[in-house]
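Each remark here refers to the structure printed beneath this line.
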């Protein structure tokens, strides 16, 4: 399972509570769609740290990194290298 698929699965199960999968576009804002709130962002941070072994600094917790599947996957790819 690639990074985007893992993110989509996590969002679907933990925020959308959907067994039908992920219904948003990869570039759609989690915040604007009402899928994730500020507490949800912190859950995403924990998910990233645990599943991708990335230490997320406080100043990296910004929409450019955590507000869509595309942004989050790009952040993980940058940090993994």
Selection within the stretch 53-63 - in a helix (DSSP H, G or I) and modelled with pLDDT under 95: 63
Residues of the stretch 38-51 classified as farther than 22 Å from residue 1 by Cα and over 12 Å from the mean Cα position of the chain (by Cα), total: 2
Residue count, the stretch 52-81 (criterion: closer than 17 Å to residue 30 by Cβ, more than 9 Å from the chain's Cα centre (by Cα) and without any contact (Cβ under 8 Å) to a residue 60 or more places away in the chain): 8
Breaking point among (1) under 11 Å from the mean Cα position of the chain (by Cα); (2) part of a helix (DSSP H, G or I); (3) closer than 16 Å to residue 4 by Cβ, for residue 26: (2)
Breaking point among (1) surrounded by 12 or more Cβ atoms within 10 Å (Cβ to Cβ); (2) assigned to a loop (DSSP other than H, G, I, E, B), for residue 44: (2)
Qualifying residue in the stretch 27-35 (condition: touching a residue at least 60 places away in the same chain (Cβ under 8 Å) and surrounded by 12 or more Cβ atoms within 10 Å (Cβ to Cβ)): no
Checking residue 5 against (1) in a loop (DSSP other than H, G, I, E, B); (2) at pLDDT 90 or above, the condition it does not meet: (1)
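Here's the yes/no breakdown for (1) in contact with a helix residue (DSSP H, G or I) (Cβ under 6 Å, 6 or more places away or on another chain); (2) farther than 15 Å from residue 76 by Cα:
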position: 14; (1), (2): no, yes
position: 25; (1), (2): no, yes
position: 29; (1), (2): no, yes
position: 40; (1), (2): no, yes
position: 47; (1), (2): yes, no
position: 51; (1), (2): no, no
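The values are calculated or read from the model by the stated rules, or taken from the named source; none is laboratory data. As the structure is a computational prediction, the values presented were derived from the model and not from experiment. We place every Cβ from the backbone using ideal geometry, glycine too, and count neighbours over all the protein chains shown.
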